[in-house]
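See structure below.
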Amino acid sequence: MGALKEDSLNNKTYFVFPGFSNDSLFYDYNLNIGDTLKGYMNGGCNIIISSIDSVIVGSEFRRRWNFNTCNEGSGYIIQGLGSDNGLLEHIN
């Protein structure tokens, strides 16, 4: 349980966990290749953006950030949808 908060002006998504009044950075959609993913989703791991492309979701293109994790894994985030690991799972 919790609450998602989208900041469309700054292109970021936040999450408020149960029992907390402060929000945590969930996704920052302003990342460039070589940037480190910051916020709750990184789980304390240095996750580096390896490439950026676009995918079609429904009938519109959305940006996709591909990354490498600190445990030799990889994955992606799609703008407005989140990670391929699930909504509340750490990416690493």
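The values are calculated or read from the model by the stated rules, or taken from the named source; none is laboratory data. Keep in mind it's a predicted model, so treat the numbers as computed, not measured. Glycine gets a Cβ as well: all are built from the backbone with ideal geometry, and neighbour counts include every protein chain shown.
Side notes on the structure shown:
- Verdict on ASN71 being of a type outside the set (Lys, Arg), exposed (fewer than 12 other Cβ atoms within 10 Å of the Cβ) and under 14 Å from the mean Cα position of the chain (by Cα): no
- Residues in segment 59-82 that are modelled with pLDDT of 80 or more, outside any strand (DSSP E or B) and under 23 Å from PHE15 (Cα atoms): GLN79 only.
- For ILE56, the requirement of being modelled with pLDDT of 80 or more, more than 25 Å from GLY2 (Cβ to Cβ) and either assigned to a strand (DSSP E or B) or of a type in the set (D, E, K, R) (or both) is met.
- Looking only at segment 1-60, and only at residues there that are aromatic (Phe, Trp, Tyr) and under 13 Å from the mean Cα position of the chain (by Cα), the one that is surrounded by the most Cβ atoms within 10 Å (Cβ to Cβ): TYR27
- Among the conditions (1) buried (at least 16 other Cβ atoms within 10 Å of the Cβ); (2) modelled with pLDDT under 80; (3) within 25 Å of GLY2 (Cα to Cα), the only one that GLU89 does not satisfy is (1).
- Qualifying residue in segment 22-30 (condition: outside any strand (DSSP E or B) and at positive phi): no
- Scanning segment 1-53 for residues that are at pLDDT below 85, within 19 Å of GLU72 (Cβ to Cβ) and aliphatic (A, V, I, L, M) returns LEU37, MET41, ILE47.
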